[in-house]
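Encoded as structure tokens, the structure appears first; notes follow it.
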Amino acid sequence: MASRKMPRRLQQSLLRSILHLLADAGHDDASIRAAFEAAMTSTARKRANARENAECGPYLHESDLSADLLRRWHRDARYIDDVHAKPKALQLTKGRLSIRAMALDLHPDANVPELLRFLTSSGLIHQCPDGKFLPTNEVGAISHGRKFVAEHVAKSVIRFISTVRRNTKMGLLGQSMIERFAYVSDLNPTEIQGFCDFTKAQGHSYLQAVDDWMEHRRVRGRPGKPRDGVFAGLHIIAYLGDGSELAKGADTGSARGSEGSDEGARSLKSNPS
């Protein structure tokens with residue numbers, strides 16, 4: 001089977017977002033082109049050393065169909081068990097209450113075979129003993145390290161850059177969006193697991209609150225018909241390390257703070273060690 005690479009339109013959107021950010025930062029065309037060519041040379045060298053079969057999953061619409069489908073599966077009364085208040089087990093393609101029917105209800109032009117392959121291969125759904133399928137987790141999580149994760153990363157980068165650029169332009173009008181991170185430079189290594197557990201629990205709680213808020217403010221329309229709504233959402237990540245190879249070995253001392261492009265009060269603090 002031919003490998004499914006990241007769609008060209010998504011590639012172009014990702015590169016365009018990065019180029020716009022560099023242009024906004026004052027870099028001229030010559031310096032951007034030189035940096036791009038250097039990156040291409042480095043990438044070509046790595047590919048020559050280790051060629052991999054790049055396979056990406058089917059993100060079929062601007063709003064990810066898999067996410068829309070799992071959201072409905074956990075919320076729509078038609079797909080919820082009356083006794084246990086949990087998602088019902090569904091057939092893949094047979095019947096009015098099947099995953100196929102739900103997908104076509106959400107997007108009449110959906111590529112259902114590709115969607116089903118994505119859901120099963122990524123581990124987002126699992127098969128029950130009776131042959132039906134259920135969501136693997138209450139929160140959708142890709143459990144297999146497939147190359148379709150590249151599309152998720154690309155969209156995340158595009159959305160992040162879009163928010164930062166919007167904030168720098170719209171912030172003066174009071175229309176900025178949250179974009180902020182909190183950090184310390186000297187977390188005790190013995191607290192790494194605690195950090196993972198705490199941020200995950202708090203993040204899931206916050207996402208659930210935002211999800212509930214958005215759910216009650218969606219544009220309502222007839223099933224299968226386009227809605228004149230705006231794509232909106234929230235992305236939360238936690239990280240360990242500063243993520244910058246250039247900063248390795250730098251003496252940052254002891255620092256903590258909060259930074260971002262939104263209108264929140266800057267509370268940067270630094271405590272020299």
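Okay, here's what the table says:
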item: Odd one out for ASN167 among (1) modelled with pLDDT under 85; (2) surrounded by 18 or more Cβ atoms within 10 Å (Cβ to Cβ); (3) over 15 Å from SER66 (Cβ atoms); result: (1)
item: Residues of the stretch 139-157 classified as at pLDDT below 65 and either in a loop (DSSP other than H, G, I, E, B) or surrounded by fewer than 17 Cβ atoms within 10 Å (Cβ to Cβ) (or both), total; result: 11
item: Residues located in the stretch 11-32, provided they are free of Cβ contacts under 8 Å to residues at least 60 places away in the same chain, part of a helix (DSSP H, G or I) and surrounded by 12 or more Cβ atoms within 10 Å (Cβ to Cβ); result: LEU15, ARG16, LEU19, LEU22, ALA23, ILE32
item: Those residues of the stretch 73-106 which are modelled with pLDDT under 85 and not hydrophobic (A, V, I, L, M, F, W, C), in sequence order; result: HIS74, ARG75, ASP76, ASP81, ASP82, HIS84, LYS86
item: Count - residues of the stretch 126-140 that are in contact with a strand residue (DSSP E or B) (Cβ under 8 Å, 6 or more places away or on another chain) and free of Cβ contacts under 8 Å to residues at least 40 places away in the same chain; result: 4
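For (1) hydrophobic (A, V, I, L, M, F, W, C); (2) at pLDDT below 60; (3) surrounded by 11 or more Cβ atoms within 10 Å (Cβ to Cβ); (4) not in a strand (DSSP E or B), each residue gets a yes or a no:
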site: GLY233; (1), (2), (3), (4): no, no, yes, yes
site: ILE237; (1), (2), (3), (4): yes, no, no, yes
site: ASP251; (1), (2), (3), (4): no, yes, no, yes
site: ALA255; (1), (2), (3), (4): yes, no, yes, no
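Conditions tested, residue by residue: (1) surrounded by 12 or more Cβ atoms within 10 Å (Cβ to Cβ); (2) under 20 Å from the mean Cα position of the chain (by Cα); (3) at pLDDT below 90; (4) not acidic (Asp, Glu).
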{"site": "ILE161", "(1), (2), (3), (4)": "yes, yes, yes, yes"}
{"site": "GLY171", "(1), (2), (3), (4)": "yes, no, yes, yes"}
{"site": "GLY174", "(1), (2), (3), (4)": "no, no, yes, yes"}
{"site": "MET177", "(1), (2), (3), (4)": "yes, yes, yes, yes"}
{"site": "PHE181", "(1), (2), (3), (4)": "no, yes, yes, yes"}
{"site": "ASP186", "(1), (2), (3), (4)": "yes, no, yes, no"}
{"site": "THR190", "(1), (2), (3), (4)": "no, no, no, yes"}
{"site": "PHE195", "(1), (2), (3), (4)": "yes, no, no, yes"}
{"site": "THR199", "(1), (2), (3), (4)": "yes, yes, no, yes"}
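The values are calculated or read from the model by the stated rules, or taken from the named source; none is laboratory data. Predicted, not measured: the structure shown is a model, and the values here were computed from it. Cβ atoms come from the backbone with ideal geometry, glycine included; neighbour counts cover every protein chain shown.
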